[in-house]
Amino acid sequence: MSRSAQRAYDDMSPPEREELDDVALAALQASPVMLEETFGDQLAPWFAKAARLLDAGDDLAFAALCREARNAYVKSSVEDVAEFEVCSANEAIGKLLRRAAA
């Protein structure tokens, strides 16, 4: 590689991070399939906490617990698909949406 080509390569900045499609992500989070999978992914201590919140009538805390679990599950799913299928996060969201709709 010539010195000028090497210098040009060295001066290249890393590609900008792709802006996440918030609308598609919200649609994926709202998918009943993702919520069902979220609950299936939880361990016994999570359900114990959820049961205590339900019994205490703390609907807001219960909803927050479910929302946090769902968001973490969706994020993990997007990252897994993006890594496994070597694609962007937005492409992974699209693939997960198509799978959920199937």
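Around the amide H of L20, modelled in the peptide plane, lies no amide H under 5 Å away from a residue 5 or more places distant or on another chain. Taken along the Cα-to-beta-carbon direction at a fixed 7 Å, the label points for K49 and E83 span 2.2 nm.
What a 1.4 Å probe finds exposed on the range 27-102 is 59% carbon and sulfur by accessible area, rounded to a whole percent.
Other residues with beta-carbon under 12 Å from the beta-carbon of K49 carry, at +1 per Lys or Arg and -1 per Asp or Glu, a net charge of -2.
First obtain the Kirkwood hydrodynamic radius of the range 46-91 from its Cα pairs, then insert it into the Stokes-Einstein equation at 10 °C and 1.306 mPa s, and state the resulting D in µm² per second as a whole number. Walk me through the numbers before you get to the answer.
Values: Rh = 12.1 Å.
So the translational diffusion coefficient is about 132 µm²/s.
Charge tally for F62 (other residues, Cβ to Cβ under 12 Å; Lys, Arg +1; Asp, Glu -1): -1.
The values are calculated or read from the model by the stated rules, or taken from the named source; none is laboratory data. As the structure is a computational prediction, the values presented were derived from the model and not from experiment. Methodologically, a virtual Cβ is constructed for each residue, glycine included, from the backbone with ideal geometry; neighbour enumeration extends over all protein chains shown. The area values use the complete protein model at the heavy-atom level, side chains included, leaving out ligands, DNA and RNA. Shrake-Rupley method; radii C 1.70, N 1.55, O 1.52, S 1.80 Å.
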